[in-house]
1. 7 Å along Cα→Cβ for the label point: how many nanometres lie between E:Ala61 and each equivalent label in the other copies, listed shortest first?
2. Between copies, how close do the D:Ala15 label points come, placed 7 Å along Cα→Cβ, listed in nm from shortest?
3. Let's see if you can work this out: charge +1 on each Lys and Arg Cβ, -1 on each Asp and Glu Cβ, no other charges. What is the dipole magnitude of chain F about its Cα centre, in debye to the nearest 20?
4. Using the Cα centre as the reference, give the magnitude of the dipole from point charges on the C-beta atoms of the protein assembly as shown (Lys, Arg: +1; Asp, Glu: -1; all else neutral), rounded to the nearest 20 debye.
5. Report the one residue of B:Gly95, B:Leu46, B:Ala61 whose Cα lies farthest in the direction of the positive end of the charge dipole of the stretch B:1-101 (charges on C-beta: Lys and Arg +1, Asp and Glu -1; origin at the Cα centre).
6. One decimal, nm, shortest first: give the distances between the label point of F:Lys28 and those of the same position in the other copies, each label point 7 Å from Cα along Cα→Cβ.
7. Among E:Gly109, E:Gly120, E:Gly88, determine the one that fluctuates most according to a GNM of chain E built with springs between C-alpha atoms less than 10 Å apart.
8. Find the chain F residue whose Cβ sits closest to the rotation axis that carries F onto A, and give that distance in whole Å.
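Nothing in this text is a laboratory measurement; each read-out follows from the coordinates by a stated rule. A quick note: this is a predicted structure, and the numbers were derived from the prediction, not measured. Every residue, glycine as well, gets a Cβ built from its backbone with ideal geometry; the counts of neighbours run over all protein chains shown.
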Protein chains: 6
Amino acid sequence: MSAHGPIEYGDASVAVRAVFDDIKLTRKVDDVNNFWKYLAHDPQMLKRTWESVKEIMRPGALDALTKEMIYLAVSVTNGCGYCIASHGAAARKAGMTEQMFGELMAVVGMANETNRLANGYRVPIDAAFDR
Amino acid sequence: MSAHGPIEYGDASVAVRAVFDDIKLTRKVDDVNNFWKYLAHDPQMLKRTWESVKEIMRPGALDALTKEMIYLAVSVTNGCGYCIASHGAAARKAGMTEQMFGELMAVVGMANETNRLANGYRVPIDAAFDR
Amino acid sequence: MSAHGPIEYGDASVAVRAVFDDIKLTRKVDDVNNFWKYLAHDPQMLKRTWESVKEIMRPGALDALTKEMIYLAVSVTNGCGYCIASHGAAARKAGMTEQMFGELMAVVGMANETNRLANGYRVPIDAAFDR
Amino acid sequence: MSAHGPIEYGDASVAVRAVFDDIKLTRKVDDVNNFWKYLAHDPQMLKRTWESVKEIMRPGALDALTKEMIYLAVSVTNGCGYCIASHGAAARKAGMTEQMFGELMAVVGMANETNRLANGYRVPIDAAFDR
Amino acid sequence: MSAHGPIEYGDASVAVRAVFDDIKLTRKVDDVNNFWKYLAHDPQMLKRTWESVKEIMRPGALDALTKEMIYLAVSVTNGCGYCIASHGAAARKAGMTEQMFGELMAVVGMANETNRLANGYRVPIDAAFDR
Amino acid sequence: MSAHGPIEYGDASVAVRAVFDDIKLTRKVDDVNNFWKYLAHDPQMLKRTWESVKEIMRPGALDALTKEMIYLAVSVTNGCGYCIASHGAAARKAGMTEQMFGELMAVVGMANETNRLANGYRVPIDAAFDR
């Protein structure tokens, strides 16, 4: 009762359909992911989020694969189950091999470990790194 | 009294010096960062951490720059001040331009935002992503 | 063997029943949530936690709805699935409309993003905000 | 070398000045905070972030004060020092009294505690909260 | 203006002094830490927090040292600078040697690493661990 | 396609079997947990992680039970469902009683609460704790 279900294309408003259409066109997919179907409960948020994601994930100084791997690294660090599944799939689609995934995970794991070592040993920032 | 200071090379044990020497040789630097000087209070941890970092950060399926950027993305997500400073410097040394840094930050910011949108809307994993 | 199940009223000790009764009376509900049935394995923790929650969530300078929305915002940030479900329901019961939920999620998402931008750009605190 | 300083109005590009002007006009302030002066290194991110913040923080179903308090609650949970300082100031400017701040902190503290109790006791979601 | 300073004993209300006195008596110290002097801005929160901490940190099935080390492990994981400093000192006062600290940090680091490996590899819970 | 399943002993390479054998021998168990069966997709990570875990969890200045409880406290704080289940079981196997678990959870909950109180009140580190 109190929770949301996905909004499918057939039930969506004109504004929501316009965003769904742009996602499908941009990503060359037949349907949008659950993430977008749930955000569709708030059409303004759907539009703003999609436009930001579209702008940010476009290849630039970093290519699409590197961007997806960074997205995945953050999602793994935060423990977001949905995001690990969806951006894992997106990274693989963009070319991430299993060996690359293994190396990404090794870096993510080590960074999460050494972040805490730096905290716990209260390591001051080296003058060379500081402003 | 209750806290640690850095252990400098001149005051270090033979075991610690051996690690410091390997870090300096591997990274082609004149001195090691504070991080290692603080871990040196526990020579076994110093050795194990360095050997893991050395193995993990070696170029493989991912190049050194990509690995440093993933390290930085995790450190920014966790808010580790020391690690942001040191791995920001390392990523720049490995070739990260300011434009690349800007794009990395945009992805990190957006991932941290959409991780919470997925949480809050309780979005179920799409069948296509699931096992 | 190693895990806990819920402790139902009929199986509860006198001390646990007293807390359950007070929760039901205060919240005008017929049964307590799973959260309390699991904490009941430690009657002292159950009592202390309930008394703190009761005192903290009582309307004061902030009304009940605002308090529930803050609770939900924290739970979404931490990715606590149980707490998102239970405090989402509680906030809706206290009057949160879907539009309010959408705006809450927008703020939570943006705060999680800009928290990382501030970290990554190492922004120093403005003199005006500092002591 | 490797780090950024703030970009002041006098040194800013036309595109950056346009955003700074809009921030000053919208917020009725003489100068923008350090946060914006640092983001100005990436004019596209500056513009996108400001436009999102402006849209999200505008009073709607939730008033400005409630939105600032939610922002602060997230920042405290994440331990972002800059954001706690700046959004604490913003919330006070929007009308948060010290008593309201105290109650906000009590809820934030309790939510962070009970989020972990729910995790550790592995409490399953009540059927009533679930879809 | 917008921030708090510490409330010293000489400036404290009767209610605050009563808590300060109990802290000093219980911990056999001449003055309370900054943490309590800041919470004193909200006497009700000061009293509730102190009474909970006092009850929780009292030796029981776990001794005082083990409890302080768990407190420190959480604070390091969360990156709370104040708490790392204060609970590091408290753990040392309760008997934590430098060797124990080193081993604690090794476990905290490894747990933060393997938590992410379990997330990223999406490891399902073994039937043996599940209810 | 894009996701991993567990690698069972019968399907494992010689290098993976060698690690599995050492885990079974060290822990005196008939089979390894899912965690190791998933890491087995990256034999180098499997070996490195196991060797670090084996070295770190060996009784030293801290006994095996204390180490497992610290591991569990971190996992609860991070909300890692798999790790809470597996290290909860491991801690119980090492001797953690339900009363000890209750006290551990009380400390973890309180630390997560007071970490945020220290953040939000922006409490400066006492001179006595500082270097």
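1. Once sorted, the set of distances for E:Ala61 reads 2.7, 3.9, 4.4, 4.4, 5.4 nm.
2. In ascending order, 2.8, 4.6, 5.5, 5.5, 6.5 nm.
3. 140 debye
4. Numbers: 90 positive and 96 negative charges, 0 e Å.
In total the dipole reaches around 0 debye.
5. Positive-most Cα among the choices belongs to B:Ala61.
6. With the label placed 7 Å along Cα→Cβ, F:Lys28 yields 4.0, 5.3, 5.8, 5.8, 7.4 nm.
7. It is E:Gly120.
8. For the rotation taking chain F to chain A, the closest Cβ gives F:Gly79, 3.
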